[in-house]
1. If one computes P(r) from the Cα atoms of the range 164-272, what percent of pairs lie at distances over 23 Å?
2. Explain nothing, just the number: relative contact order of the range 315-418, from Cα pairs under 8 Å at least 6 residues apart, as a whole percent.
3. Report ³J(HN,Hα) in whole Hz for each residue of the range 271-279, in order, from the Karplus equation J = 6.51 cos²θ - 1.76 cosθ + 1.60 where θ = phi - 60°; Gly and Pro get x.
4. Mind checking the alpha-carbon convex hull of the range 97-142 and giving the volume per residue in Å³?
5. What shape does the range 308-391 take by its C-alpha gyration tensor, where a ≥ b ≥ c are the square roots of the eigenvalues and a/c under 1.5 counts as rounded, a/b above b/c as prolate, and the rest as oblate?
6. How much length is gained on full extension from Asp89 to Lys239, taking 0.36 nm per residue of separation minus their Cα-Cα distance?
7. In whole angstrom, how far apart do the alpha carbon centroids of the range 56-81 and the range 325-374 sit?
8. Counting other Cβ atoms within 10 Å, keep those with at most 11, restrict to DSSP loop, and tell me which GluC sites (Glu not before Pro) in the range 485-522 are left.
Amino acid sequence: MIKWTIFLLTSLTFICITSCTSETKALNSFGDPAKQELYKAADARDSKKVKSFFTSDKKELKAMAALLCGSLQDSTLLPDLYLLLQDEDDQVRANAAFAIGQTGSANDVAYLISWGKKEKAPIVLKELMIAAAKLFDPKINITSKEKTVGAFIYDESENEFVEFLSNVEISSEEVQIGLGYAMTYLHRNKIYSPELPRRAQFALQTASRNAKIALANGIASFNGDWFANHEGYFMQWIKTERDPDVRISLITIVSKLNTSEGNDLLAAISKANNSDYRLNVQAIRMLAKNGKYKSSLAIETLSHSNDLVVIEALETIGKISSDEIASITAATASRSAQIKATVSKVKIINGADASGEECLGNYYAASNEYDKSFFVLALGQAPNRTDQLIDILLKEKSQVITYAAAQALVSIHSKDQWKGTVQLSEVIASALSLGNTGVMETFGVYLSDAPEKKFHDEEMLKLDDAINAALKGLILPRDIESYNALVRAHNAMLPNKMEEAKPTSTYQPNWEYIASLPNIVTIEWTTTKGKFKTEFYVNEAPTSVGLISKLAEEGFYKDKYFHRVIANFVAQGGCPIGNGMGGLDQPMRSEFTTLRYERGSIGLASAGKDTESCQFFITHSLMPSLDGRYTIIGKVIEGMEVVDQLTIGDRIEQTDMN
């Protein structure tokens, strides 16, 4: 009996393992040739072929086709997307609403509202609300009036949309999230109505955690006198709220109250040893915005364990005394090179190292290219070191350091503090011949902004010769960001205009490899700060996940660096040349979906639509401004505390893919 029991259990275990493994593999839907065909059509920008799937008898194909239209952004598809809003499948309608929000204009808002009044499915209502709100963006809104911050000025469609949001049924989590995001987009476009934060207050009574975060963010983005009438409510809320993602929004709200009690509370948060560093950073920023962040408070913050908090505190310091400089120097003596370089900047600005001599010495003593680049950037505050910066720019081999030198020289020149023995125009002409794409982009941007106020006609002619020579050495579409920066510089300086390069996604996905992946790809990343684990979603962004997974599997990211870290925003890495200007020769098509940037979301960096490559970033907090503009491939599932500690120059030591 015992033997038969063991045999039976063993057999069941084997069946379960086999079944579970097969099910996991099957979750990746791209073993289906029809789905591959659909995505190949999108890669080829064949809108007609994508549209042909709108009439598929398979609802999953129809939903995928609608979603892909959010990436194609072909306005000729709008009438067909309107028809999909009448489809019987909730996901098809939700994806169609998302695609309209990605493609349409304010002229489409009225239709979205009319359909929203009929819609009952929460996931569809959420997408309709967000889509309509996004379409009030002045960049695409051809009928919008001038908006005044704090004033309640609407045209007819704005009034109608606010009325719709004020009356929509908000008992479900999806619709509550939709309200929070819709408020954020409206407020970003300077459309304010006190009815909406009142509505959000009501929704908060039954909100889940995710809905609470979205609603709090929507309220925090509001501007107007409404806050003053609810001071007690928000002060009580921030004192009792424990969720850091909600507290970040509450810090913003309390700063808008701008009361003595509120500012004292923010001061306490800014210097506290919070386990979540983002609270410190947000409090510092909001106090500084109100002109309430004092140097004495910054000095009290310098013992915080997270470098990003210390850097934020130092960056906000203005004029201080010699005693305070001594205190700052002592408090940061054993901290990172980036912190010490920020202290150097403070010293230069305050005259303690006016010539930049000490900072230059730190540059020569630094042990790696990122540490050196921090001190180079600080020298951008020391005009007396212009010649040394020129020397670094033209002689250094590291593209990380030369990129920093170009930025430092632009900083000096833009403030009319140039003290170089040669003119900047000569420096730029020489630098453009070195083939450093970061340097090209930096100088291209600077030259394209009112060059006639910075350079004489003869200088601009010589600069244009250097630009034309540099353009010939760039590889498209890989170097499109630098290429177009130089083209814009040429167009700003001379009457004969050049065409900017158009983004072209030339990468051909390996569909056999993609189909072999499980729906969720798990990767463990080992860095100099520790380990974190991510999961990538094949079904949502197959091309992007396929490429990044393959690169990780092959060890591409080993010894790549995090080159861009902005507190309470992103940590970005994976650049082949280490300064954020590198990529693969063949960029990918953007894959925009209804996924949204939250804490720990992983997206692909780009120089515009359809230019994604190997660089990725991890968001520290909710970031609606990135939604629908940067491909999301997954999220961090373990080790977010390690991501919070990452700073510029941290290295990826290993990637292990499960």
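The values are calculated or read from the model by the stated rules, or taken from the named source; none is laboratory data. In this text the structure is predicted, and so the values were computed from the model without any measurement. As a convention, Cβ positions derive from the backbone with ideal geometry for all residues, glycine included, and neighbour counts pool all protein chains shown. These area figures cover heavy atoms from the full protein model, side chains too; ligands, DNA and RNA do not enter into them. Shrake-Rupley method; radii C 1.70, N 1.55, O 1.52, S 1.80 Å.
1. Percent of Cα pairs beyond 23 Å in the range 164-272: 24.
2. Rounded, it is 22 percent for the range 315-418.
3. Each residue's phi maps through the Karplus curve to give 9, 6, 8, 5, 5, 9, 4, 4, 5 Hz.
4. Roughly 49 Å³ of hull volume per residue.
5. Oblate, since a/c reaches 1.5 and b/c is not below a/b.
6. 49.6 nm
7. Each part's Cα centre sits 54 Å from the other's.
8. Counting only loop positions with at most 11 other Cβ atoms within 10 Å, the GluC sites (Glu not before Pro) in the range 485-522 are Glu499.
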